[in-house]
């Protein structure tokens, strides 16, 4: 058989055409074609380098092409990649033990994504309340809980629901950080309250300590589950394993705060698809055999990589890095905001989950949504970040971002801010 002639080198345009012809158009994509990465940098098809402070939307916890992850993948792929969950294997049990050790006495279930982890929480709430006829989950306005039918029903944003009506019943929405609204929303059908420790897609808004402690007390009084979506704000991103641990640090009563269930994903395996949820005892045994399952969740390959990521976080003192560098980045953005409030209206967040809100009325943006327009300017200058809604720009860098890289990113941001302010 005659060997095929080598095809012409791919161009950015030809790759975009492949997408347009063959990929479902469910994403609004930026005009970038990325082909490789190393550490906190990625390169596009034309060889241009970008500092990545978006981290695949909080996924690339050790950056790109991490040698530690590569080694773990290679070694595990030579041993055992996949077995069904109808068998035992050592890596899943070890990972469950380590993750539970970072939260409290409880049990883990492993899935493939954050949306699936949250599905587990909705099912947990229904199992918990089933015998009393309770099924309702209260969530917050501006929340985001995934793109499944139940995920969009749980999400407190109307835009994600359009075109998918009738929406799955069983969810009610309340203003975030409003304890009185939570009290007023409870009905005889309510089984659980679900919130994010820091709303990511909703504008990088942290919960207040008073809100978290008040919800815990309320759920105890009303015999409700308090569940937390830590898919984006978890996994050391705020400078603690979970965001509520950072928010309640040093707060009286905070040391005894524990939710009843926590979903997680994104950074767990540093880019290898993985989700999970933790359930506090005694609720960890509510899912009996046959009530919840997955084909690919908790495979030897994914668990081995997740174990390696945990090892590197500890070995390289990355929690301290997140806290120190995150505080510096936030402080510098706040300085820019004070200097140019007509460009940066506010700065929010913790650790390496920082959002800065772009002001309206910037002439160069010609009335278009300022957040994405600012991100486009960042791309032109060689910096990646993630929009959050119409006005907020998120910084979600790798946990091992270096000080000189943080300084480079801040320099680019300040140059854009200064240009827009002039």
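Quick note: the coordinates plus some simple rules give every number you see, no bench work behind them. Predicted model only: the values in this text are computed from it and were never measured. In this analysis, Cβ positions are derived from the backbone assuming ideal geometry, glycine residues included, and neighbour counts consider all displayed protein chains.
Key figures for this structure:
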quantity: Cα-based Rg / Dmax (Å) for the stretch 68-315; calculated: 17.7, 56
quantity: Residues 266, 330, sorted so that the one with the fewest Cβ neighbours within 10 Å comes first; calculated: 330, 266
quantity: The stretch 50-99 and the stretch 107-161: distance between their alpha carbon centers, rounded to Å; calculated: 25
quantity: The stretch 68-315 - share of DSSP beta bridges that are antiparallel (%, nearest 5); calculated: 40
quantity: Whole-angstrom Cα spans of the chain along principal axes, big to small; calculated: 64, 61, 46
quantity: The stretch 68-315: relative contact order in percent, alpha carbon pairs under 8 Å with at least 6 residues between; calculated: 30
quantity: Choice from 377, 29, 246 showing the highest fluctuation, given a GNM over the chain with Cα pairs closer than 10 Å; calculated: 29
quantity: 222 nm mean residue ellipticity, helices alone, for the chain (DSSP H n ≥ 4; -39,500 (n - 2.57); rounded to 500); calculated: -11500 deg cm²/dmol
quantity: Prolate/oblate/rounded label for the stretch 284-422 (Cα gyration tensor, a/c 1.5); calculated: prolate
quantity: Full-stretch length increase - residue 291, residue 147 - with 0.36 nm per residue and alpha-carbon distance subtracted; calculated: 49.6 nm
quantity: Average projection area in nm² (convex hull over Cα atoms of the stretch 110-236, one quarter of hull surface); calculated: 7.8
quantity: Percent RCO, i.e. relative contact order, over the chain, from Cα pairs under 8 Å lying at least 6 residues apart; calculated: 21
quantity: Max mean-square fluctuation residue, GNM over the chain, Cα-Cα springs under 10 Å, options 229, 360, 260; calculated: 360
quantity: Shape call, the stretch 38-144: gyration tensor on alpha carbons, a/c limit 1.5; calculated: oblate
quantity: Most fluctuating residue given options 397, 206, 341, as computed from a GNM of the chain linking Cα atoms under 10 Å; calculated: 341
quantity: Proxy reagent accessibility, fewest Cβ within 10 Å first, across 82, 328; calculated: 82, 328
quantity: Shape of the stretch 205-292, Cα gyration tensor, a/c cut at 1.5; calculated: oblate
quantity: For the chain, share of DSSP beta bridges that run antiparallel, in % to the nearest 5; calculated: 65
quantity: Inter-part distance where the stretch 373-418 and the stretch 207-227 are each reduced to a Cα centre, Å; calculated: 35
quantity: For 316, 220, order by how many other beta-carbon atoms lie within 10 Å, fewest first; calculated: 220, 316
quantity: Peptides 93-106, 148-161 ordered by average Cβ neighbours within 10 Å, highest first; calculated: 148-161, 93-106
